[in-house]
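What follows is a set of notes on a single structure, which appears directly below.
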Amino acid sequence: MIKLAKNTFEIGLEKPVKLLHVTDTHLTLADELDDEKKRQLAKARGRDFGDVDGSVEANLREQIAYSKENCDLLVHSGDLIDFVSHANVAKAREILKDDGIFFIAGNHEYSRWVGEAWEDLSYRMTSYMQMGFGLGVPMFWNSRVVGGVNVVGIDNGYYHFADWQTWRLRREAEKGLPIVLVFHDPLFEQSLYDHHMAKPHADCAYIVGCDEEHLLPYSEFRAVQQRPDEPTLRMIDYIKSEPLIKLILTGHLHYNFESVIREGLPQIVTGCGSDGTAREITLE
Ligand SMILES: [Fe+2]
């Protein structure tokens, strides 16, 4: 069942544009073409995400139908699948054929066994190859103009940006249209950090661009994983300095949260789509 939040943002459009933001669906499918170990993983992870008799996929289908009825575009910010399996990849490929869906990958798109390995570029590319060259749509970078809004998706699922992504974002800005940025991992922002770290047993905030002071309470592993490198800091500086960037849509944290990165730049975190959560964004 769809659980809808609604927000409106003034970005100077002549005619409103509506986006349905969905994230973190975490499909947990496995079939006879997957091995027994993968089928066991699918069962266990399906329980974690409350999947009862295909309810997670049913929620996604309902979100897609709602978007077609009420919105200009469904924007999915990653973790459509929970792990790489034959059945998950086949399902994701089928869903993403729909031109009404704009997608950028999260960290779980490349996860093979959920947490079994250090996840870096090499791990990601091995998974990408195993899927048969990804999910049939762009996964590292995506952009589309809808109703005079430039929707730009950037893969930052491993807490980092690359310089080529900043270069391409600058080229997008040259189009002169207002930009909605979509990526999986939220950017550091004090109130979001405080909110997450106040949770019981939080050992990190799972956000991009934490400075050393804010990494101090992290476990060693999480600090190494989430410490920004120079290209990541350059991207964040650019995002903060580019007035055409009007809104950031993210997921990854599995709860709804709204804050502001700088004046005129809200950052939205939308909760886990697996339970039906979605957010209707009206841009005016
Ligand atoms: Fe997720």
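Descriptive notes on the structure:
- Extended-chain gain in nm, criterion 0.36 nm per residue less alpha-carbon gap, TYR255 and MET129: 42.2 nm
- Here the gap between LYS15 and GLU36, fully extended at 0.36 nm per residue and compared with their Cα-Cα distance, gives a gain of 2.4 nm.
- The simple Förster model, with R0 at 25 Å and r as the Cβ-Cβ distance, assigns THR282 and GLU62 a FRET efficiency of 0.80.
- Note on LYS97 and GLU213: with the Förster distance fixed at 41 Å, the Cβ-Cβ geometry gives a FRET efficiency of about 0.35.
- About its Cα centre, the chain has a charge dipole of approximately 500 debye under the convention of +1 per Lys or Arg Cβ and -1 per Asp or Glu Cβ, with nothing else charged.
- Euclidean distance of C-alpha centroids, region 63-80 and region 89-147, integer Å: 17 Å
- Peptides 22-29, 186-193, 101-108 ordered by packing proxy, namely the average of other Cβ atoms within 10 Å per residue, highest first: 22-29, 101-108, 186-193.
- Given charges at Cβ of Lys, Arg, Asp, Glu: region 77-149 dipole, positive-most of GLY115, GLY148, TYR128: GLY148
- Rounded Å value of the spacing that divides the Cα centres of region 222-284 and region 18-54: 25 Å
- Among ALA65, PHE102, ALA42 the positive-end extreme of the charge dipole of region 39-112 (Cβ point charges): ALA42
- Counting every alpha-carbon pair across region 211-284, the share separated by more than 18 Å comes to 58%.
- For LYS246, the lysines whose Cα falls under 19 Å of its own Cα, not counting residues fewer than eight places away in the same chain, are LYS6, LYS15, LYS18, LYS175.
- Look at ARG112, ARG171, ARG45 and count the other Cβ atoms within 10 Å of each Cβ; fewest to most, that gives ARG171, ARG112, ARG45.
- When you count the other C-beta atoms within 10 angstrom of each residue and take the mean per peptide, 71-82, 225-236, 56-67, 119-130 line up highest first as 71-82, 56-67, 225-236, 119-130.
- Solution diffusion estimate, µm²/s, Stokes-Einstein, the chain, Kirkwood Rh from C-alpha pairs, 10 °C, viscosity 1.306 mPa s: 83 µm²/s
None of the figures in this text is laboratory data; all of them are computed from the coordinates on show. Since the structure is predicted, the reported quantities are computational estimates derived from the model, not experimental observations. Virtual Cβ from ideal backbone geometry, glycine too; neighbours counted across all protein chains shown.
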